[in-house]
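S.K.: This is the structure I have questions about; it appears just below.
The values are calculated or read from the model by the stated rules, or taken from the named source; none is laboratory data. Because the structure is predicted, anything quoted here is derived from the model rather than measured. Glycine gets a Cβ as well: all are built from the backbone with ideal geometry, and neighbour counts include every protein chain shown. Ligands, DNA and RNA are stripped out before the accessible areas are found, and what is left, the full protein with its side chains, is counted by its heavy atoms. Shrake-Rupley method; radii C 1.70, N 1.55, O 1.52, S 1.80 Å.
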Amino acid sequence: MRSVFLSLALTSLLPVIAIAAPKNIIYMIGDGMGPSYVAAYRYYQHQPDQTKVANTVFDDLLTGMASTYPDDDTLVTDSAAGATALATGVKSYNGAISVNRQHIPIGTMMQLAKRLGKTNGIVASSQVNHATPASFLAHSNSRRNMNDIADMYLDYRIDGKPVADLIIGGGSKYFARQDRNLIEGFSALGYQYTDNFLQLDSITRLPALALLSEDALPAALNSEVVNMLATLTDKALQLLSGADNGFVLMIEGSQIDWCGHDNDIACAMAEMHDFAQAIQVARAYVDANPDTLLIITADHETGGLSLGANGVYQWRTEVIRKVKATGRAIAQQLRKLENQQDISKRFTELTGLSLNKAQLHLLLTALKNEDEKIGLGQIVQFISEASLTGWTSGGHTAADVPVMAYGKNASEFNGFMDNTAIAKKLIQYIQQTQPH
Ligand SMILES: [Zn+2]
């Protein structure tokens, strides 16, 4: 009795050991980036003249795996429920933007960070009010309420200020609307603004907003700009690095998922490369600023990607490397051509594949279909067949996703975890922010 009492008393005298929290958090989400995307990127990068397959930045930073199931009648999450879990530590239904099943808003880590005097940034290659970034900044019963979500970026205030100090990505059409001009609203609050990637230098301080296209940013495989996400990441880190109380920066490689939905492997590899270059920038920042934690994960897997198909023991990356545009862009170009020979020739120029008579017939029939997805589907099917890339779905799957961590407290993210555990740990760190 006495000893129990004594040990209890002793315990109460022990100082509470707080986990030393990183000052800055860089949270990178590869939308749709299941484990086979990481493996695919490694082999895609591998040069046949090298004997050994080299690690990628993803391999170097890998620490664990996470489950992604939502609070819904399915194991397969969408990006909204996935991002809600990653932003709040709470699971919800598919379509939810940081609200629970009763439609009650769930506080996000960026709202908490703002309340505690930290600085927040968002970078996305999709529209900035798309599901993943939205779940960090807003609340909505449905991800489809894109205008409401954009409104909330300006209207949801903490101590009179919007939650995000920096927003970079696409989607200007949701911010400059007939019924409301949110860009003017942000400008009135002192936000610097640009809509032009080439004028990114005109953003010199926070707060700032850069909406670089009407909708999403161009797909990496079609873009004239090389390493766009890395450039935007570098810019964001330059702007945020002066934050007295540290920052939370979320960077989304948004379009990996869209390539997965299209079952377009060349598109997916280009997006993975774009994301990898951005991770290199973030990793270098952590090296120079050890008080920073870099976390990388995905919200779910898309497409049921497999490397090898149809019983053949090969995955032909050399086929994928020759593809010069996304299936969507190829379909668009081919649809403009009248002559069969021109279509066949252009297809070969853009994909490196030559079509036999039967294949050309299939392609011509598909391109004539009113449903543009049929033409796209036929093009990516040729590429998948030639490269022996397998897909099981045009949607998401319940496959676990990789977790990578680097920098301060990276070892806290080892082994298997649920996606909510990642957010809970980050929230715990943010809670330790000392008022400035
Ligand atoms: Zn998706």
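S.K.: Within the stretch 154-162, does at least one residue satisfy the condition of being within 25 Å of R115 (Cβ to Cβ), aromatic (F, W, Y), in the same structural domain as I97 (by TED's automatic domain parsing) and crowded, with 21+ Cβ neighbours inside 10 Å? Working first, answer last.
M.R.: Going through the stretch 154-162, the residues within 25 Å of R115 (Cβ to Cβ) turn out to be 154-162.
When the remaining residues are screened for being aromatic (F, W, Y), the result is 156.
Those left that are additionally in the same structural domain as I97 (by TED's automatic domain parsing): 156.
Next, from what is left, pick out any that are crowded, with 21+ Cβ neighbours inside 10 Å: none.
Looking through the stretch 154-162, none of the residues is within 25 Å of R115 (Cβ to Cβ), aromatic (F, W, Y), in the same structural domain as I97 (by TED's automatic domain parsing) and crowded, with 21+ Cβ neighbours inside 10 Å.
S.K.: So, one more: Output the number of residues of the stretch 222-242 satisfying the condition of being crowded, with 21+ Cβ neighbours inside 10 Å and over 19 Å from the mean Cα position of the chain (by Cα).
M.R.: 2
S.K.: Could you tell me whether any residue of the stretch 77-87 is buried (at least 17 other Cβ atoms within 10 Å of the Cβ), within 28 Å of Y429 (Cβ to Cβ), within 16 Å of the ligand (Cβ to nearest atom) and charged (D, E, K, R)?
M.R.: Of all residues in the stretch 77-87, those buried (at least 17 other Cβ atoms within 10 Å of the Cβ) come to 77-87.
If we keep only those that are within 28 Å of Y429 (Cβ to Cβ) too, we end up with 77-87.
Keeping just the survivors that are within 16 Å of the ligand (Cβ to nearest atom) gives 77-86.
Within this subset, residues satisfying the condition of being charged (D, E, K, R) are 78.
Yes, some residue in the stretch 77-87 is buried (at least 17 other Cβ atoms within 10 Å of the Cβ), within 28 Å of Y429 (Cβ to Cβ), within 16 Å of the ligand (Cβ to nearest atom) and charged (D, E, K, R).
S.K.: Wholly within the stretch 340-436, which helices (runs of 4 or more DSSP H) include no fewer than the required count, namely at least 3 residues that are of a type in the set (A, V, I, L, M) and buried (at least 17 other Cβ atoms within 10 Å of the Cβ)?
M.R.: Hits in the stretch 340-436: 357-368, 372-387, 419-431.
S.K.: Looking at the stretch 298-313 only, could you name the residues that are away from the ligand (no atom under 16 Å from the Cβ) and either without any contact (Cβ under 8 Å) to a residue 60 or more places away in the chain or in a loop (DSSP other than H, G, I, E, B) (or both)?
M.R.: Taking the stretch 298-313 as the starting set, the residues that turn out to be away from the ligand (no atom under 16 Å from the Cβ) are 306-313.
Across the stretch 298-313, the qualifying residues are G308, A309, N310, G311, V312, Y313.
S.K.: Also, I was wondering about something else. Of the residues that make up the stretch 48-66, is at least one without any contact (Cβ under 8 Å) to a residue 40 or more places away in the chain and within 15 Å of the ligand (Cβ to nearest atom)?
M.R.: No, the stretch 48-66 has no match at all.
S.K.: Within the stretch 328-339, identify whether any single residue is more than 30 Å from A85 (Cα to Cα) and at pLDDT below 95, and answer yes or no.
M.R.: Yes, the stretch 328-339 contains at least one residue that is more than 30 Å from A85 (Cα to Cα) and at pLDDT below 95.
S.K.: Mind counting the residues in the stretch 223-264 that are part of a helix (DSSP H, G or I), within 16 Å of the ligand (Cβ to nearest atom) and of a type outside the set (D, E, K, R)?
M.R.: Final tally of qualifying residues: 5.
S.K.: Do we find that G327 is on the phi > 0 side of the Ramachandran plot and either open to solvent by less than 40 Å² (accessible area, probe 1.4 Å) or of a type outside the set (V, I, T) (or both) in this structure?
M.R.: So G327 fails the test.
S.K.: Here are the criteria: (1) assigned to a loop (DSSP other than H, G, I, E, B); (2) in contact (Cβ under 8 Å) with a residue 60 or more places away in the chain; (3) open to solvent by 30 Å² or more (accessible area, probe 1.4 Å). Tell me which single one A219 does not satisfy.
M.R.: It fails just one condition, (3).
S.K.: Looking at the stretch 212-219, can you tell me whether even one residue there is under 30 Å from E318 (Cβ atoms) and within 16 Å of the ligand (Cβ to nearest atom)?
M.R.: Among the residues of the stretch 212-219, at least one is under 30 Å from E318 (Cβ atoms) and within 16 Å of the ligand (Cβ to nearest atom), which makes the answer yes.
S.K.: Let me ask another. Taking only the stretch 193-214 into account, find how many residues are under 22 Å from V226 (Cβ atoms) and surrounded by 17 or more Cβ atoms within 10 Å (Cβ to Cβ).
M.R.: Matching residues across the stretch 193-214 total 7.
S.K.: Those residues that are of a type outside the set (A, V, I, L, M, F, W, C), open to solvent by 20 Å² or more (accessible area, probe 1.4 Å) and farther than 19 Å from S126 by Cβ, I need them from the stretch 264-294; list them, please.
M.R.: Q280, R283, Y285, D287, N289, P290, D291, listed by residue number.
S.K.: Okay, next question. Contact list please: Cβ distance under 6 Å, first residue in the stretch 26-44 and open to solvent by 20 Å² or more (accessible area, probe 1.4 Å), second residue within 16 Å of the ligand (Cβ to nearest atom), pairs at least six apart or on different chains.
M.R.: S36/L305
S.K.: Report, by residue number, each residue of the stretch 266-278 that is away from the ligand (no atom under 15 Å from the Cβ) and more than 23 Å from L61 (Cα to Cα).
M.R.: A266
S.K.: Go through the stretch 181-192 and report how many residues are surrounded by 15 or more Cβ atoms within 10 Å (Cβ to Cβ) and either touching an Asp or Glu at 6+ places or on another chain (Cβ under 7 Å) or in contact (Cβ under 8 Å) with a residue 24 or more places away in the chain (or both).
M.R.: 4
S.K.: Among the residues in the stretch 399-414, are any within 16 Å of the ligand (Cβ to nearest atom) and assigned by TED's automatic domain parsing to the domain that holds A284?
M.R.: yes
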